[in-house]
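For reference, the structure is listed below as structure tokens.
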Amino acid sequence: MKFSQQPGRIFARDENGKLLAEVTFPEREGVAVINHTFVDDSLRGQGVAGQLLQAVADTLRREGRKASPTCSYAVHWFATHPEEQDLLV
């Protein structure tokens, strides 16, 4: 799946423009707050949410930024990816 990126947001849409997947991570006090993860029902169980979080982690690492996950999926993802723990504040 190909993701698009805007400041504080990584997402995917279908050919009709329907939102299929999204993670938002607005910056607060210099930290990316990962506060929302969404995957359309048609894509559930295919690892798309994990791909979104990996894309966020890669982006933050490249930019030298830290993260504070607040949405339940992001909290779980970071807990199960110890190699990404250095990104957390």
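The values are calculated or read from the model by the stated rules, or taken from the named source; none is laboratory data. This one's a predicted model, so the numbers in the text were calculated from it and none came from an experiment. With ideal geometry, Cβ positions are generated from the backbone for all residues, glycine too; neighbour counts draw on all protein chains shown. Only protein heavy atoms, including side chains, enter the accessible area calculation; ligands, DNA and RNA are left aside. Shrake-Rupley method; radii C 1.70, N 1.55, O 1.52, S 1.80 Å.
Quick check for you: with a 1.4 Å probe and neighbouring chains kept, what is the accessible area per residue of the chain, in Å²? Mind dumping the intermediate values first?
Values: 5060 Å² over 89 residues.
Heavy-atom SASA per residue in the chain reads 57 Å².
How charged is the neighbourhood of Val48? Take every other residue with its Cβ under 12 Å from the Cβ of Val48, and add Lys/Arg as +1 and Asp/Glu as -1.
Numbers: positive: Lys2, Arg44; negative: Glu22, Asp40, Asp41.
Charge balance near Val48 sits at -1.
Using a 1.4 angstrom probe on heavy atoms only, work out the carbon and sulfur share of the accessible area of the stretch 1-69 in %. Don't skip to the end; give the middle numbers.
Details: 1780 of 3860 Å².
That share works out to 46 percent.
For the stretch 11-65, applying the loop criterion from DSSP together with a ceiling of 16 other beta carbons within 10 Å to the GluC sites (Glu not before Pro) yields Glu15, Glu29. If one takes the longest principal axis of the Cα atoms in the chain, at what angle in degrees, from 0 to 90 and to the nearest 10, does the Cα axis of helix 48-63 lie? Value to nearest ten degrees: 40. Expressed per residue, the C-alpha convex hull volume of the chain stands at 93 Å³. Counting Lys and Arg as +1 and Asp and Glu as -1 over every other residue whose Cβ lies under 11 Å from the Cβ of Phe78, the net charge comes to -3. Note on the chain: dipole from Cβ charges, positive end direction compared against Val31, Trp77, Gly47; the farthest Cα belongs to Val31. For the chain, the dipole from Cβ point charges (+1 on Lys and Arg, -1 on Asp and Glu) about the Cα centre works out to 120 debye, to the nearest 20.
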